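For reference, the structure is listed below as C-alpha cells.
The numbers here are math on the coordinates, done by the rules we state, and not lab data. What you see is a predicted model, and the numbers here were worked out from it, not measured in a lab. Glycine also receives a Cβ, built like all others from the backbone with ideal geometry; neighbour counts cover every protein chain displayed.
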Amino acid sequence: MKKILGHLVWAALAILGAVCLAGIALNRGEPINSIWLVVAAACMYLLGFRFYAKFIAARVMALNNDRATPAERLRNGHDFEPTNKWILFGHHFAAIAGPGPLVGPVLAAQFGYLPGTLWIIIGAVLGGAVQDFIILFASMRRNGKSLGEMAREEIGRVGGFTALLTVLLIMVILLAVIALVVVNALKGSPWGTFTIAATMPIALFMGLYLRYWRPGKVLECSIIGFALVVVSIFGGQAVSHSPALAPLFTLSGVTLAFAVIVYGFAASALPVWLLLAPRDYLSTFVKLGVVLMLGVGILFVRPELQLPAFTRFVDGNGPVFAGKIFPFCFITIACGAISGFHSLISSGTTPKMIAKEWHAWPVGYGSMLLESFVAIMAMIAACVLQPGVYFAVNSPGGVVGATPQAAVETITSWGFPVTVAEMQTLAQDVGEASLFQRTGGAPSLALGMAQIFARTGGGRAILAFWYHFAIMFEALFILTIIDAGTRVGRFMLQDLAGHIYKPWGRTSWMPGVVGASAAIVLAWGYFLYQGVIDPLGGINSLWPLFGIANQLLAAVALCVATTILIKMHRWRYLWITAIPLAWLVVVTFTAGWQKIFSPYPRIGFLARAAQLQALVDSGNVAASKIGVVRTQIFNERLDALLCAVFLILVATILIDSIRVWTGVLRGTREARVNEAPFVPSRIEAEAL
Amino acid sequence: MKRVKRFGRFVLELLRELSDENAYHRHLAAHGRAHSRQEWQRFLEERLRARYIRPKCC
C-alpha cells in the first residue's frame, strides 16, 4: 500500500512538473507568474534526483556503503574527516555557489525567460549535476585526487598537463570578467563604492579580532562583521548625499579597474588570515543568507515576469551580447546548468569528507540542483523588471546610443517602451545618479532583488537599501574570489615555472612570489582594462570567452568521467557522460568558431578587428583616438587567439581521450581502474 | 517543536563547519591540546594554506 502511494506521489509530481513546463513554454503575450518556474524546476529536480541520479548511483557507480571512504581510511582531523551528509551538502553548496549562476541568467534573459530557464533545468539534471556527481565519485574512489591528477592518471601526461594549463587560463578570464562585473556595478556610484571600500577595513578588523582578541570565535566575529557591513551601507547613503565626500567616491570605470588590480595584488601578497580568510567567512554566510532570503522572497511575493518568453533578440542582434540562442544561450549560462569549475570542487575538499559512499548522491548531485535553483531565482529577479528598464540598464552606449535620450529611443523602437523620466525616478529610488549602461548583470540583478525584497515590506522607501545590500552581497564574494583566485593562480604559475627554473616552484621564494603574483594580476588586469574601455561594454567579449572556457573545462571533466566509465566496463551506460560531452563539444566549438571567425563584427573578434582596421586605414579616426582604436584592434586579435588556444587545448584532451577509449575497446590497452583497494567500513551510517 | 530544535541544531552545526570552528575542535582533540591563541594561529595557518591553493568556484 505504501509503495503504491509512493508511486502515486511521484506520478503526481511528474504530471505537475509537465503541466508547469508546458505552461511556461506555451504562454505567449501575457505576464506569467514566477511560481510556474519555481514549481516546474522543483518537480524536475526532485524527479531527476530520485530516479536518474539514483539509477546512476546504483547501476553505474555501484555505490557501496560497506566500502570505507577516504574520510574514514585516511582520517586525520584536518582534510580527511567523515562529516554528516547534510552538513557536507551545505559545505559543498557554499563552495560551488559563486556569481556565475546569478549573473549568467540575468544576461541570458535578453532572449526572454524561456530559453535560459529550460537550459538551466535540463542542463543541470542531465549534465551539470551528473558531471559533479561522477567526478565526486571518481575522486572519492581515488583518495580525493584532483581533476588534473585523475586526467594524468586515466588519460595520460598530455591530458594532465593540458588540464592544468586550461584551468590557469580559465582563471585569468574568470577573474577579469567578474572584476568587470564589480567595476560596472560601482562605476559612478559613491554609495556602492563607499560600502565596498568599507568592507576592507572591516575585514582587516575581523582578521585582527580573530587572531589576537578572540581566537577561534569565527561565528561571533562574522556576526560583528556583518553588523558593521550593514552600518556601512547606511554610511554609503550618507556619503552619497555629502557634497564633500560624494565626489571622492564617484569613480570612473578605469579608476575602479586600477583600484581592483592594485587591491588584487596587495590581497594576494598579504597574509591570508588578515584580509582574505575573514572576508571569505563573512561572504560565505552572507551568500547563503541572501540566497535563502531571495527564495523566501520569491515564494512570498510571487512576482509576475515582465519579460516575454522570447524577445526579438533570438535573432542574434541582442544589445547585452551578440549571438543567437544556439550556441550563445548555452555558454552564457554555464554555472547553474553545467560548470566545469565544479569539477575542481568535486575533486577538492568534498571527497575527503564523505563518510559513506551513498552520501555522494545528495552531496554531488543534490548540491548542483540547488545551485541550478539559484540560477532560476536569478532569472526570475531579472525578468520581474520592465523589459525597457532591463535593456536600458544592460545595454552599452556603443549599441543603444551614448545619451539617455538616444538609449530610450533605441530601446523603445525595439518594442520595449521606456522613458528617461522613468529611469530617473528609478535611479532616485535606489539612490543612484543614473542606471543607464550599467552593464554586467549585477545592477539589474540588484534591481530585481531589491524590488522583490521591498515588496515583502517597506516598499519604495526601502528600495535603495535593498539595492545597495544586493550590490554589497555580489561585490563581497566576487572580491573574495578575486583575491583567492589571484593567490591560486600564483601557485599554479609557480608550479608550471618550477619545471623551467626550480626556485620558481618554491612558494616561499620572495622573487617568485612577487613575480608570479604580478604576472597573474597583470594578466587578468589587462583583460579587465580591455573590458572597461570597450565601447561594446566588455561583457560582449569577455563573458562569452569565460562561458566557452568554463564549458570546455566541463568537457575535460566529462572526458575523464567517460574514460573512467569505460575502464569500469560500464559500456552500456556510456551515454550518461557521452551525451552531455558531445553536446558541450558541439556548443563550445560552435561558439568558439563564431567568436573567432563570424563575419559580423559584434560577434567575431577578427571581423571586429578588421572593421576597426578599415576605419583607421580610411583616415576617419581622429588623431587623438588612433592609439585607443589600435589598442582595441590588438585586444580583439588577442581574444581571438585566446579563444583558439582554449579550443586547441580541449581538442588535445579530447583526441587523447578518444585514443585511450579506442585502445581499451579494441583490447590493445589495459583497462586498469586506478581505485584505492576495498577496505570494509566500520562507520555506522546512523552514527552520522 | 522537536523538529524545529533539530533544524536549529543543524543550522548551527553547518555554520560551525563553514566557520572552521568544528575543524578546530577536531584538531584540538586529535592532538590532545588545549585551546590557546598560539594553537588557533597554528591551526588556522595550516588550514588556510591548504584551502587557498585551490581555486574558488565561479
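Select from the stretch A:375-417 those chymotrypsin sites (Phe, Trp or Tyr not before Pro) which occupy a DSSP coil region and have at most 13 other Cβ atoms within 10 Å, ordered by residue number. Display every interim value, and only then the final one.
Values: sites: A:Y390, A:F391, A:W414; in loops: A:W414.
Counting only loop positions with at most 13 other Cβ atoms within 10 Å, none of the chymotrypsin sites (Phe, Trp or Tyr not before Pro) in the stretch A:375-417 qualifies.
Just to verify a number: FRET efficiency for A:R637 and A:A266, C-beta to C-beta distance, R0 = 25 Å, to 0.05?
Values: r = 31 Å, r/R0 = 1.26.
FRET efficiency, A:R637 to A:A266: 0.20.
Here's how it looks for A:T83: its modeled amide H is under 5 Å from those of A:A355, which are all 5 or more places away or on a different chain.
Computed from the alpha carbon positions, the gyration tensor of the stretch A:322-397 leads to an equivalent ellipsoid with semi-axes of 34, 14, 10 Å, biggest first.
Between the alpha-carbon centres of the stretch A:634-662 and the stretch A:356-413 there is a gap of 29 Å.
With contacts taken as Cα pairs under 8 Å at a separation of at least 6 residues, chain A carries a relative contact order of 25 percent. From the alpha carbon centroid of the stretch A:138-198 to that of the stretch A:443-459 is 30 Å. Projecting the Cα positions of B:L14, B:C57, B:A34 onto the charge dipole of chain B (unit charges on Cβ atoms of Lys, Arg, Asp and Glu, taken about the Cα centre) puts B:L14 furthest along the positive direction.
List the trypsin sites (Lys or Arg not before Pro) within the stretch A:474-577 that fall in a DSSP loop (any state other than H, G, I, E or B) and whose Cβ has at most 14 other Cβ atoms within 10 Å. Working shown, then result.
Details: sites: A:R487, A:R490, A:R506, A:K567, A:R570, A:R572; in loops: A:R506, A:R570.
When the trypsin sites (Lys or Arg not before Pro) of the stretch A:474-577 are filtered for loop state and at most 14 Cβ neighbours within 10 Å, A:R506 remain.
Remark on the stretch A:1-60: Rg and Dmax equal 14.2, 45 Å (Cα only). Taking the Kirkwood radius as Rh and the Cα radius of gyration as Rg, the stretch B:2-51 has a ratio of Rg/Rh equal to 1.10. Here the spin labels are modelled as points 7 Å beyond Cα on the Cα-Cβ line, and at A:N33 and A:V158 they lie 5.7 nm apart. Simple point charges give the picture: +1 on the Cβ of Lys and Arg, -1 on the Cβ of Asp and Glu, and for the stretch B:2-51 a dipole about the Cα centre of about 340 debye.
The equivalent ellipsoid that matches the C-alpha gyration tensor of the stretch A:552-688 spans semi-axes of 48, 18, 12 angstrom, in descending order. Between A:E304 and A:F226, the C-beta separation translates, for a Förster distance of 45 Å, into a calculated FRET efficiency of about 0.90. Give a quick list of chymotrypsin sites (Phe, Trp or Tyr not before Pro) in the stretch A:481-518 that DSSP marks as loop, anything other than H, G, I, E or B, with at most 11 other Cβ atoms within 10 Å. The qualifying sites are A:Y501.
In this Cβ point-charge picture (+1 for Lys and Arg, -1 for Asp and Glu), chain A has a dipole of about 1460 debye about its Cα centre.
About its Cα centre, the stretch A:33-117 has a charge dipole of approximately 260 debye under the convention of +1 per Lys or Arg Cβ and -1 per Asp or Glu Cβ, with nothing else charged. Within straight cross-link reach of A:K356, meaning Cα distance under 20 Å, which lysines are found once same-chain residues fewer than 8 apart are removed? Output for A:K356: A:K54, A:K85, A:K145.
Kirkwood hydrodynamic radius, computed over distinct alpha-carbon pairs, for the stretch A:209-326: how many Å, to one decimal?
Numbers: mean 1/r = 0.0527 Å⁻¹.
The Cα-based Kirkwood calculation yields 19.0 Å.
Here's the picture: charge each Lys and Arg Cβ at +1 and each Asp and Glu Cβ at -1 in chain A, and of A:V393, A:Y45, A:F373 the one pushed furthest to the positive end of that dipole is A:Y45. Each Cα pair of the stretch A:49-114 feeds into the Kirkwood radius, which the Stokes-Einstein equation turns, at 25 °C and 0.890 mPa s, into a diffusion coefficient of 159 µm²/s. Averaging the Cα positions of each part gives two centres, and for the stretch A:210-251 and the stretch A:527-569 these lie 35 Å apart. For chain A, the Kirkwood hydrodynamic radius from C-alpha pairs, put into Stokes-Einstein at 25 °C and a viscosity of 0.890 mPa s, yields a diffusion coefficient of 95 µm² per second. Label separation (A:K502 vs A:M1): 7.7 nm, computed from points 7 Å beyond Cα along the C-beta direction.
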